[in-house]
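Following: one structure in C-alpha cells, then a few remarks.
The values are calculated or read from the model by the stated rules, or taken from the named source; none is laboratory data. None of these values were measured; they are calculated from a predicted model. Every residue, glycine among them, receives a Cβ derived from its backbone with ideal geometry; neighbour counts consider all protein chains shown.
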Amino acid sequence: MIRIDSVTKRYPDGTVAVDRLSLEIPDRSITVLVGPSGCGKTTTLRMINRMVEPSEGSILLDGVDIQAQPVNTLRRSMGYVIQNAGLFQHRTIIDNIATVPRLLGWSKERSRARAAELMERVGLDSSLARRYPYQLSGGQQQRVGVARALAADPPVLLMDEPFSAVDPVVRKGLQDELLRIQEELGKTIVFVTHDIDEAIKLGTMVAVMRTGGKLAQFAPPAELLSAPADDFVEDFLGTDRGIRRLSFFPSGALKLESGPVVPVDADAKKLAARGSADVPYLLVTDLDGKPLGWGAPQDLTAGEIAVGQLLPYGRPFVHGKDSLRAALDGAVLSPTGWSVGVDGTGRVVGVVSQAVIAEAIRNAHAEGRTDDEAKAVR
Amino acid sequence: MNILNFVHAFFSDSAHWHGYDGIPTRFWEHIGYSLEALAYSAVIGLPIGVLTGHYGRGGNALALIATAGRALPTFGLLVLLTILLGFSLVPVMVPLVVLAVPPILVTTYEALRSVDPSPVDAARGMGMSESRILFQVELPVALPLILSGLRSAAIQIVSTATIAAYVGLGGLGRYIIDGLYQRSYEKVVGGATLVAGLALATLAVFWAVGRFAVSPGVRRGA
Ligand SMILES: Nc1ncnc2c1ncn2[C@@H]1O[C@H](COP(=O)(O)OP(=O)(O)O)[C@@H](O)[C@H]1O
Ligand SMILES: [Mg+2]
C-alpha cells in the first residue's frame, strides 16, 4: 500500500501545488487522481517516484518511507507512463520495451524475450517489434509506453494522463485494455486524468482534487456519483449523475420475459398463442435467435413476416454482463419501450419493459449495490 | 585560356605528381592540418556544448564566446601569432581552432536543448542515471545536429587551412601562394580546385558517418 501522509509541495517560486494531502492507495487496484488542470495531480504522482520531493510530509510504500532506498531503485520498482508515451525514437519498439530489464542487468536475449511477451499482452502485433516509434500511431505508441512500464513486472504503475492525447475511439480501446491487463496482473495503479468519465470508468477509488492541491473527496466512483461531498465535486461530476450511476448496477437481477419472442418462421398457431392483450408487441428473431425487430401481433402473418417493416429494437444488452444503464438505454431507444436482452453470442434471452427496469432501479438503489459484482459490469 | 584549360594543364603536368611539392604530399599535409585543427576544436567544443546543453545553463555565455570567436580576423591572428611565436604550426592551429569552435559549440548546445523532454522525463522516471540519460537518450537523438556542427567546422577548416602556406608551411595553400607569386595561374587554379574537391570529400565523409552512426529512427526528417 502507498500511504501519502499529510504531504505539501511548495515550488521554489512559492506555488503551493499540493496542500497537506493524505491518501491511502490500496494495493492491486486502480486509484485515480482527478481534478481540473493545475490542481496538483502530476505533482502528487511525481512525488511517489521522487521526481518531485515533498516540502512537508512523507510517503510510505508498504510501511517504509520511500526516502529509505536509493532513488533509482525505487523508480525501477514503479512503472511510469506519461502523456505522449515518451518513447526513445532511436530505439526499436522491442528495445524500448526492454529498457528497464536492461537497466536491471538482464541479458539482451532475456530482456527481448520479455519485451516480446509484453507486446502481446498489450495487444501489439509482433510484426511491430523492429519498427521505430515514428512508424506507429499515437495509440500504438501509448501501448508501447504501457508495455515498457510493465516490462520488469513492477508492483506499482504510475500513469500521468496516458490516454489524453489520443482520439476518443482509440482512448476507449486503451481504457478497456488497461482494465483487462489490470484484471490479469493485479498491479497497484495510480492513474492521473482530468477527465471525470475516465476516472469513473477506470477507478476502484477516485480522489477528486481541487485547485490549490487539496483533496475534495476520496471514494469509489459509484459513491462519488450518488453522494458528492460538496458543490465543487457535484459540479465537476457534471450532468446525468443518476443515469451514469446506473452503470454500477448489474442487469443480472432483471427478470426477462421470453413469451413475446417469436422466430421469423413461426406458424399461425404460435403467433396467436404469443400475442395477447398484455403483450402489445412481439420480438421477431432470425432462425439463429438473433433479434430482427418488433411487430404488433395483428400485423404479423405466419409465413410472410416482412422483416423490413418491423420496428427497430434499439440496442440489445448482454444480460448479466451489461449494466442497468445499458438495459434502460435499449428500452428508451426502441419505440416499443421494451429492451432486448441477449447472451454473449447475441442470441435473444428475453425482453423486458421500461416499467420492470424502473422497478429494478428502485430495488438496486434500496440495496445500495455498489459491491464488487456491480464493479464487474461496467 | 579559360579555367578548364588551367585545370587541365595543372593536373596533366606529371611534375606536379611527384616529390615534396607533388599533389599527394600537399594533399596529405592539408588533411593532416585539418584533422588536427578539427580534433582540437572538437575536444574543446563538444564537451562544453554537451554539458551546457544537458543542464540548460550558460547559453548566453556561449553565444557571447561564439560571437567573439567569429569576430576575430583569422589572417590577422595568424600574422600576430607568427610575429610573437615565430614560424611553427601553433600560429596556424590557433586561428583554425578559433574559427571552428563556435559552430561546434553552438550547434551542440542547440542539439541538446532541442531534444524532446518527454523521453528524458520517462527515462528519469524509469530510474536511469543521469549519465545514462545523457549517453543513451539525449546524445543519440542530438547526433544529427551535432554532426552538422562538426561538418560546418570541418568545411571551414579545410578551406581556411590554406593559410598555413603564408607562414612557410605546406598544404594545398602552397600552390595558391606560390602560383600567385610566380604568376602561374594554372597552379593557383589547380590548388583552388584541390581545396574545393577536399571540401566536397569532407561533405561526403560526414554524410557517410551520419548514415552509419545515426539510428534510422532519428534519421528520418533530419
Ligand atoms: N516546476 C514547477 N515550478 C513551479 N510551479 C509548478 C511547477 N510544476 C507545477 N507547478 C505549478 O503547480 C501547480 C500544480 O501543477 P501540476 O501538478 O502539474 O497540476 P496538474 O497535473 O493537476 O495539472 C500548478 O499551478 C503549476 O503551475
Ligand atoms: Mg498534469
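With the condition kept exactly as written, say whether any residue in region A:37-57 is of a type in the set (A, V, I, L, M, F, W, C), buried (at least 20 other Cβ atoms within 10 Å of the Cβ), away from ligand 2 (no atom under 16 Å from the Cβ) and under 29 Å from the mean Cα position of the chain (by Cα).
no
Would it be correct to say that B:Arg70 is among the basic types (Lys, Arg), surrounded by fewer than 23 Cβ atoms within 10 Å (Cβ to Cβ), closer than 23 Å to A:Arg50 by Cβ and touching a Leu at 6+ places or on another chain (Cβ under 9 Å)?
In short, no.
Looking at A:Val342, is it within 13 Å of A:Val261 (Cβ to Cβ) and either at pLDDT 90 or above or in contact with a Gly (Cβ under 7 Å, 6 or more places away or on another chain) (or both)?
yes
List the strands (runs of 3 or more DSSP E) that sit entirely inside region A:1-83 and contain at least 2 residues that are of a type in the set (Gly, Ala, Ser) and at pLDDT 95 or above.
So the answer is A:16-25, A:56-61.
Give region A:20-36 a look and list any residue that's more than 19 Å from A:Asp195 (Cβ to Cβ) and within 16 Å of ligand 2 (Cβ to nearest atom), or say none.
Hit for region A:20-36 is A:Leu21, nothing else.
So, in region A:41-58, how many residues would count as being more than 10 Å from ligand 1 (Cβ to nearest atom) and within 11 Å of chain B (Cβ to nearest Cβ)?
Count: 4.
So B:Glu186 clears everything in (1) more than 14 Å from chain A (Cβ to nearest Cβ); (2) free of Cβ contacts under 8 Å to residues at least 60 places away in the same chain; (3) buried (at least 16 other Cβ atoms within 10 Å of the Cβ); (4) more than 19 Å from B:Ala39 (Cβ to Cβ) except one condition, right? Which one?
Exception for B:Glu186: condition (2).
Going by the structure shown, is B:Ile31 closer than 27 Å to B:Leu203 by Cβ, assigned to a helix (DSSP H, G or I) and within 14 Å of chain A (Cβ to nearest Cβ)?
So B:Ile31 does not fit the description; no.
Give the residues of region A:185-206 that are charged (D, E, K, R) and within 21 Å of A:Met47 (Cβ to Cβ), sorted by residue number.
Selection gives A:Lys187 alone.
From the set of residues in region A:92-131 that are under 26 Å from A:Pro70 (Cβ atoms) and out of contact with any Lys or Arg (no Cβ under 9 Å at 6 or more places or on another chain), which is nearest to the other protein chains (Cβ to nearest Cβ)?
Taking the candidates together, the pick is A:Gly105.
Taking only pairs six or more apart or across chains, which ones have beta-carbon atoms under 7 Å, a first residue in region A:64-91 that is closer than 22 Å to A:Gly186 by Cα and within 7 Å of another protein chain (Cβ to nearest Cβ), and a second residue that is assigned to a helix (DSSP H, G or I) and not aliphatic (A, V, I, L, M)?
If the second residue must be assigned to a helix (DSSP H, G or I) and not aliphatic (A, V, I, L, M), the pairs left are A:Arg75/B:Gly125; A:Tyr80/B:Gly125; A:Ile82/B:Ser118; A:Ile82/B:Asp121.
Only one of (1) touching a Ser or Thr at 6+ places or on another chain (Cβ under 8 Å); (2) crowded, with 21+ Cβ neighbours inside 10 Å fails for A:Met159. Which number is that?
Of (1) touching a Ser or Thr at 6+ places or on another chain (Cβ under 8 Å); (2) crowded, with 21+ Cβ neighbours inside 10 Å, only one is false for A:Met159: (1).
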